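Peer 1: Quick one: the structure is below, and I'll ask about it shortly.
The values are calculated or read from the model by the stated rules, or taken from the named source; none is laboratory data. None of the values given here were measured: they were computed from a predicted structure. In this analysis, Cβ positions are derived from the backbone assuming ideal geometry, glycine residues included, and neighbour counts consider all displayed protein chains. For the accessible areas, the whole protein counts, side chains as well, though only heavy atoms, and no ligand, DNA or RNA atoms are used. Shrake-Rupley method; radii C 1.70, N 1.55, O 1.52, S 1.80 Å.
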Amino acid sequence: MSEPVVLLKNFINIFFVPELRKKLFFTLGILIVHRLGIHIPVVGVDVAALRNLLDQTTGLGGLLGYLDLFSGGGLQQCTLFALGIMPYITASIMMQLLGMTIPYLEQLLKEGEYGRKIVNQYTRYLALVVSIAQSLGFALLLERQGLVLEPGWSFRLMLILLLTVGSMFVMWLGEQISLFGLGNGSSMIIAAGIVAHFPEYTIRTWYQVQQGYMEIPVAILVLALFVVITACIVFLEKGERKIPVQYSRRVVGHRVYGGQSSYIPFKINTAGVMPVIFANSVLNMPMFFAAMLASKFVFFKWLSESLSRTGALYNILEFVLIIFFSFFYTALVYNPEELAENIRKSGGFIPGIRPGRKTADFFNYILTRIGLIGALYLAVLALLPNIMGMIIAMPFVIGGTSLLIVVGVALDTAAQIESYLIEHRYEGFLSTGRLGRGLR
């Protein structure tokens, strides 16, 4: 049987697992609701003029066009979901940073599920504040650019209300996916918004070739580079370092327990796509203010150009922030001392390493080395398409950040689906070197 047929058969197996089928359809339903909200317009804005502004690749238009990529097109049409999930992402970053500096929040994070629920509630309140602030800034920006039909506080309050409600609803949709669907809700919504632009990018590229603005070899080169970058992301996302663990034998009555060996897998990219999302969220604010100042004062034009997608300052800051958030997020996910203590309590040990403190130091050493490689990999791949944009006149704006998010979310979701298939006696199609063969 050919591989495509076997792959199709394994895909069909997804619908034979009731729980997986329910989660899949629930996730698709939530994403459809989100896409419908993208097309609900906000009254009082000259949408045609706003689109013309976003078609510009530099200055304020370039910034808004870049932010529109993560809202799934809602910003370009000034719709109810124009802010998307980004206020919640920004609030999550702020809460995690505060959790490392404020003792009360730090203690809550250590209290398990109860503490996390309280911190999540605080995050929602902070996301509400961030949404209001961003809505007000967007309203003032639209008025300054002459895109509002009837400017004034009546328009500002209406826009703040609508965009804030839309942002809170998108946040709720993301939480529903995390609870009852597949994958991380926030990441799924961002990835869906990015993927929604791909058909438009294809049409734009084809139009550029037809009109003679782009040579066919250049278009093929752009496609090949994106395929190579995607392949590198998939290859490195699957890379891991396996730490062997040996369990000592225990005699209970007439039976012998333990004595087997296992391993702990540490991925090269232990933090996933979250450092890229965090870095992008942090950079949005200075990019916005720089574009605002440049539109009013000529003196700040250099700053706005430096903080554009192809600007040197933007790429340097993104590189540094991705590395910082990679180590930061890894420290949140992995606790070497807790991991070493759990192994010791289970009667396990790392061959050649003494249990306890020495094992924790060994884990910390491994995570630091792997984390550095993973952080550099994330940063380089995130900047590579931006560097391509400096060399080649691209017909669309898409960075390595977007590709990393899409591929990372796709791999995480596929891994979750595979775990359900294996759990229900179906052979997976990712972890093995061959395709599955259906029901055993």
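Peer 1: Across the stretch 149-184, what is the total count of residues that are touching a residue at least 60 places away in the same chain (Cβ under 8 Å) and more than 17 Å from LEU80 (Cβ to Cβ)?
Peer 2: The total comes to 9.
Peer 1: Only residues that are farther than 16 Å from LEU75 by Cα and open to solvent by less than 30 Å² (accessible area, probe 1.4 Å): list them for the stretch 143-175, please.
Peer 2: If the condition is that a residue be farther than 16 Å from LEU75 by Cα and open to solvent by less than 30 Å² (accessible area, probe 1.4 Å), then GLY152, PHE155, MET171, LEU173, GLY174 are the ones that fit.
Peer 1: Collect the residues in the stretch 207-237 that are open to solvent by 80 Å² or more (accessible area, probe 1.4 Å) and either more than 24 Å from LEU404 (Cα to Cα) or touching a residue at least 24 places away in the same chain (Cβ under 8 Å) (or both), keeping them in residue-number order.
Peer 2: TYR207, GLN210, GLN211, TYR213, GLU215, ILE216, PRO217, LEU221
Peer 1: Need the failing condition index for GLY399 against (1) under 21 Å from ILE323 (Cα atoms); (2) over 26 Å from the mean Cα position of the chain (by Cα); (3) at pLDDT below 80, just the number.
Peer 2: All conditions pass for GLY399, except number (2).
Peer 1: Next question. With the requirement that a residue be open to solvent by 10 Å² or more (accessible area, probe 1.4 Å) and within 9 Å of LEU163 (Cβ to Cβ), what does the stretch 82-92 give you?
Peer 2: Hit for the stretch 82-92 is LEU83, nothing else.
Peer 1: crowded, with 16+ Cβ neighbours inside 10 Å, modelled with pLDDT under 75 and either touching a helix residue (DSSP H, G or I) at 6+ places or on another chain (Cβ under 6 Å) or over 29 Å from LEU109 (Cβ atoms) (or both): is that true of THR270 in this structure?
Peer 2: No.
Peer 1: Tell me, which residue of the stretch 426-440 that is open to solvent by 20 Å² or more (accessible area, probe 1.4 Å) and either modelled with pLDDT of 80 or more or out of contact with any Leu (no Cβ under 7 Å at 6 or more places or on another chain) (or both) is farthest from MET188 (Cα to Cα)?
Peer 2: ARG440
Peer 1: Of the residues LYS110, LYS117, which is exposed (fewer than 13 other Cβ atoms within 10 Å of the Cβ), charged (D, E, K, R), out of contact with any Cys (no Cβ under 6 Å at 6 or more places or on another chain) and at pLDDT below 80?
Peer 2: When all the criteria are applied, what remains is LYS110.
Peer 1: Please enumerate the residues belonging to the stretch 15-58 that are among the β-branched types (Val, Ile, Thr) and at pLDDT 75 or above.
Peer 2: VAL17, THR27, ILE30, ILE32, VAL33, ILE38, ILE40, VAL42, VAL43, VAL45, VAL47
Peer 1: Moving on to the next point. With the requirement that a residue be open to solvent by 90 Å² or more (accessible area, probe 1.4 Å) and either within 11 Å of GLN76 (Cα to Cα) or not in a loop (DSSP other than H, G, I, E, B) (or both), what does the stretch 42-53 give you?
Peer 2: Listed by number, the residues that qualify are ARG51, ASN52.
Peer 1: Let me ask you something else. Which of the residues belonging to the stretch 339-353 are assigned to a loop (DSSP other than H, G, I, E, B) and in contact (Cβ under 8 Å) with a residue 60 or more places away in the chain?
Peer 2: SER346, GLY347, ILE350, PRO351
Peer 1: Which of the helices (runs of 4 or more DSSP H) found entirely inside the stretch 76-162 contain at least 2 residues meeting this: more than 24 Å from the chain's Cα centre (by Cα), of a type outside the set (D, E, K, R) and farther than 18 Å from PHE289 by Cβ?
Peer 2: Qualifying helices (runs of 4 or more DSSP H): 103-109, 113-144.
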